[in-house]
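What follows is a single structure, written as structure tokens, with notes after it.
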There are 2 protein chains.
Amino acid sequence: MAAERDPEALAAARPLLTDLYQATMALGYWRAGRAREQAEFELFFRGCPFGGAFALAAGLRDCVRFLRAFRLRDADVQFLASVLPPDTDPAFFEYLRAVDCSDVTVRALPEGSLAFPGVPLLQVGGPLLVVQLLETPLLCLVGYASLIATNAARLRLIAGPEKRLWEMGLRRAQGPDGGLTASTYSYLGGFDGSSNVLAGQLRGVPVAGTLAHSFITSFLGTEVPPDPTLAPAAGQGPRVDLAARAEAWLDRVCAHLGLGVREPHRGERAAFVAYALAFPRAFQGLLDTYSVQRSGVPNFLAVALALGELGYRAVGVRLDSGDLLQQAQEIRRVFRTVSAQFQTPWLESISIAVSNNIGEEELARLAQEDSEVNVIGIGTSVVTCPRQPSLGCVYKLVSVGGQPRMKLTEDPGKQTLPGSKAAFRLLRADGGALAPDPDPDCGPGPGLPSSLQLCEPFPSLAESRAFAQLSLSHLSPEHKRLEQPAPYPVALSDKLRALVASLLARGSS
Amino acid sequence: MAAERDPEALAAARPLLTDLYQATMALGYWRAGRAREQAEFELFFRGCPFGGAFALAAGLRDCVRFLRAFRLRDADVQFLASVLPPDTDPAFFEYLRAVDCSDVTVRALPEGSLAFPGVPLLQVGGPLLVVQLLETPLLCLVGYASLIATNAARLRLIAGPEKRLWEMGLRRAQGPDGGLTASTYSYLGGFDGSSNVLAGQLRGVPVAGTLAHSFITSFLGTEVPPDPTLAPAAGQGPRVDLAARAEAWLDRVCAHLGLGVREPHRGERAAFVAYALAFPRAFQGLLDTYSVQRSGVPNFLAVALALGELGYRAVGVRLDSGDLLQQAQEIRRVFRTVSAQFQTPWLESISIAVSNNIGEEELARLAQEDSEVNVIGIGTSVVTCPRQPSLGCVYKLVSVGGQPRMKLTEDPGKQTLPGSKAAFRLLRADGGALAPDPDPDCGPGPGLPSSLQLCEPFPSLAESRAFAQLSLSHLSPEHKRLEQPAPYPVALSDKLRALVASLLARGSS
């Protein structure tokens, strides 16, 4: 890969975004005359997150962007010189100035692939010094992206295919880029989009948003808009004072619902009118700033019906507190009776959106069969992955100079598998659900090579999202189950088993 | 604040780093003729994180950088136009092009202050449209920074003042900027530094690092370094073949420890020699690639003693698996006997560093009185804050046009306190530990105003770090306790209580 100028990559993942020990080791390799030895590392995880049996591989596009732009600038080299020993040979820093990823090759699981423990997500080959330096940034770029994509895929499995899922966790993320990464990869994992405008601008993620409580509390009802009138949707006919029409409708709605006409909060109604004037074709109401049933609902209906007279169709409501499922049922019931009363059938099926700290358990409740909830906004629990906030990927040396290497620590959970590997996924004869083959030692013939060359054209984010859903649809239910699933068997070939045994016998020397 | 060019701020927190509803509300305010109304928002949290009774306020410097650079560029406005209704008045977009934060004022708790529930970390005043747009980025910039600083402060309290604590969680963070934020604010909260080189370069955080297992497994022991010799530390005398001297010392060390001279792994020893050639004044060994006691320790000692002959002092060892406390005791015992045997007293007190998924509980164990551990590296548990991965800050409208506003939702936990507030911290008469005053309704006289004007000079990160430790030292032990602490009382003044009562009585209208 040639280095190229890419301001976003330079900003988001600078070459010094790494642990200092990568630089100290670089000096060690260089001093030992080994900087250019050919080495291969593998990036993988040891256990699936969230107690599940699968993960989605993601972050590859960020890795590619990073690798293409990777080059130490003068300021970077000067900073390294300031933290390395003062008597370090200046020739080392000259060497660093010339380093880029032009001799690095990456094989990777396609973006959005199913991934399983021990199977490399990335295989990175190239000069020892360079591929060592890449460890931390690649782990950083792949780990969270894959974690969040997997989390989103789980939430999508819980929600089912019909509910619309929106990520809205930017304010709960680990800073700006944490939020951008979360928005991007929750979309890849199966969400419908995000509230994060930057994710729309930079990554093409669909974005959505309406209004917050602050908009509503900012109105007292005494404000006088410069122009309270609206033209009919079809463009024909005189402009109408929307606020006045909403007041007229409020009388009728309150009479029908048995509410006093002064109960609904006038500031809330003024806010709805103001929003409707700005978004006549996309009017939505946030119902729980004051009382939902005695204020939010009648005010919303008054404005929606006033808009309806002009040929506009309100698109939805949102709830952000209380028992979301139960309130959605009650609101739908009101919408149905009002719709019948005023012969406005479009009102019946208006979208009901909910949010408020929704996790896996509450999502399952909101997705149950008779739920009237249509849209679910999830913030904290998708972005922070509270059940397991890191995937724990590792990046391990598997060969140098063509010779397999292995870590033989006394902690068996931290041993590694030596040598460059090829991962194959075995399909059942019916071509359907992915399941383990009874004999995993077959050759590449019937298998499906699960890696691609980096020089292939990169799929779009939406294509990767579709690929992830397709891959998941092929995974058999026993592995897709979210609680206590059957582990997906990853078997070693006879050849690899023999290599491990021989290295163990020799103490890896 | 004047807008200024700051490439880092532009990259890290672009103006569209916000929820779309901020932009739709902006249009709503603009259409209602209210864009320039003076409004005030407060940013605060409702509960202290991690079951504790305090938090540290942080992220202010990132907010200032963001606000100074805040300006919608043409591409930003064009993107907004693409996601807002096509018939939106073009004058709105013209208005957006001119928006900056020159009319915004921010009052804030000083960086590193103690913060308590309900007390504003930021008070943001300015034109309604602008201060609304700032909600999401400010929450994003303050929330995680304060969470991580608080988490680091807790870990520092557990570790005590003597242990050196290093953050090394970049690879487990929410992408590049998550890592940078974690490194910056764990330092502010009381860590000694970070492995993250970029945090050193951009933020001045002390950085440290040595070597990983991959460096060690990359050596077989058959490699021939271009120059295996080293000059004595004092610069006088002939160069010495370090590998050969290490082999000679290995014989003596193994004899002393009762080990066969072929037991220590030769590749590991070659790696130590290579590292020592590059870092003769900062030699450290990572001991657990193979067997700690039968390979890592004797190999380290052989190289350290060979260096010692030349006048160099090895600085430390690191362990990354197994029972860290127990191994540290054993290693210290070996260092003592070897030190006595070979009359190398400097060897006795060599630093022992440990890492491997250390959380609060393990840290308490490693910090116990007779522990031989000197340096503790913490990654995942400081960066991801697994016990509570988000602080849950909110940003609430408290006044518009000088009139107090309040959210009167049916969920009492989500009600807000109206009007612009001044927070006072009450000191005990002895000037010592911070504790609640029996009468919180005193005026500003005896209290300590806890906010500053943004135009004051900004303290350095190290100064804020010192301020945080000083603030914590003044907090009384009952509030500083990490489990089941006494809540720090935050009381409302008589005037504010009366205002809340009157707004509740009027339904906030």
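Once you divide the Cα radius of gyration of region B:292-361 by 2.2 N^0.38 Å, the number left is 1.14. Entry note, chain A: relative contact order of 19 percent, from Cα contacts under 8 Å with a spacing of 6+ residues.
Applied to region A:140-153, the Karplus parametrisation 6.51 cos²θ - 1.76 cosθ + 1.60 on θ = phi - 60° returns per-residue 3J(HN,Hα) values of 5, 6, 8, x, 6, 4, 5, 4, 6, 4, 5, 4, 5, 5 Hz, with x for Gly and Pro. Solvent exposure of B:ILE158, expressed as accessible area, is near 40 Å², computed with a probe of 1.4 Å over the protein chains only. Each Lys and Arg contributes +1 and each Asp and Glu -1, all at the Cβ; summed about the Cα centre of chain A, the dipole is approximately 180 debye.
Taken one residue at a time, the phi angles of region B:105-114 give Karplus couplings (6.51, -1.76, 1.60, θ = phi - 60°) of 10, 10, 10, 8, 4, x, 3, x, 5, 5 Hz. Gly and Pro are set to x.
Relative to the other identical copies, A:PRO345 shows label-point distances of 9.7 nm, where the label point lies 7 Å from Cα along the Cβ direction and values run shortest first. Across the identical copies, the 7 Å label point of B:GLY160, projected outward along Cα→Cβ, sits 5.8 nm from its counterparts, in ascending order. Electrostatic bookkeeping for A:GLU40 treats Lys and Arg as +1 and Asp and Glu as -1; over the other residues with beta carbon under 15 Å from its beta carbon, the sum is +3. Counting only residues at least eight positions apart within a chain, or on another chain, the lysines with an alpha carbon under 26 Å from that of A:LYS480 are A:LYS163, A:LYS421.
The amide H of A:VAL240, built 1.01 Å from its N in the peptide plane, has A:LEU230, A:ALA231 as neighbours under 5 Å, considering only residues 5 or more places off or on other chains.
The share of Cα pairs per 20 Å bin across chain B, counted from zero up to the longest distance, runs 20, 42, 26, 12, 1 percent.
In sequence order, region B:493-504 has phi-based couplings of 6, 4, 5, 5, 4, 5, 5, 4, 4, 6, 5, 4 Hz under the Karplus curve 6.51 cos²θ - 1.76 cosθ + 1.60, θ = phi - 60°, and Gly or Pro positions carry x. With 0.36 nm allotted per residue and the present C-alpha distance subtracted, the B:ASP103-B:ALA466 stretch has 127.5 nm of extension available. Amide H contacts of A:SER291 (H built 1.01 Å from N, in plane; Pro and chain starts excluded): A:GLY296 sit under 5 Å, all sequence-distant by 5 or more or on other chains.
Using a 1.4 angstrom probe on the protein heavy atoms only, line up A:ARG481, A:ARG171, A:ARG245 by accessible area, largest first. Can you show the working numbers first?
Numbers: A:ARG481 115, A:ARG171 40, A:ARG245 80 Å².
The ranking, largest first, comes out as A:ARG481, A:ARG245, A:ARG171.
Ranking of A:TYR21, B:TYR144 by solvent-accessible surface, largest first: A:TYR21, B:TYR144 (1.4 Å probe, protein heavy atoms only, all chains present). Taking a sphere under 15 Å around the Cβ of A:PHE50 and counting the other residues whose Cβ falls inside, with K and R at +1 and D and E at -1, yields a net charge of +3.
Counting only DSSP beta bridges whose two residues both lie in the protein assembly as shown, roughly 65 percent are antiparallel. Taking Cα centre as origin and charging only the Cβ of basic (Lys, Arg, +1) and acidic (Asp, Glu, -1) residues, the dipole magnitude of the protein assembly as shown rounds to 60 debye. Relative to one another, the C-alpha centroids of region B:41-107 and region B:209-227 are positioned 49 Å apart.
Label-to-label distances for A:ALA231 across copies, nearest first, come out at 8.5 nm, using points 7 Å from Cα in the beta-carbon direction.
Taking amide hydrogens as placed 1.01 Å from N in the peptide plane, the amide H of B:LEU286 sits under 5 Å from those of B:ARG318, each at least 5 positions away in sequence or on another chain.
Seen against the Cα atoms of chain B and their longest principal axis, helix B:461-474 is set at about 80 degrees. Can you give the net charge of the other residues whose Cβ lies under 11 Å from the Cβ of A:ASP241, counting K and R as +1 and D and E as -1? So the surrounding residues net to 0. By DSSP, the beta bridges lying fully in chain B are antiparallel in about 60 percent of cases.
Rg and Dmax of region A:198-332, both derived from C-alpha coordinates alone, stand at 15.3, 49 Å.
Plugging the Kirkwood radius over Cα pairs into Stokes-Einstein for the protein assembly as shown, at a temperature of 25 °C and a viscosity of 0.890 mPa s, what D comes out in µm²/s?
80 µm²/s
Taking the charge dipole of chain B about its Cα centre, with +1 at Lys and Arg Cβ atoms and -1 at Asp and Glu Cβ atoms, the residue from B:LEU257, B:VAL224, B:VAL207 reaching farthest to the positive side is B:VAL207.
The values are calculated or read from the model by the stated rules, or taken from the named source; none is laboratory data. What you see is a predicted model; the values in this text were computed from it and never measured. A quick note on method: Cβ atoms are made from the backbone with ideal geometry, for glycine too, and the neighbour counts reach across all protein chains shown. Note: accessible area is taken over every heavy atom of the protein model, side chains too, but ligands, DNA and RNA are not part of it. Shrake-Rupley method; radii C 1.70, N 1.55, O 1.52, S 1.80 Å.
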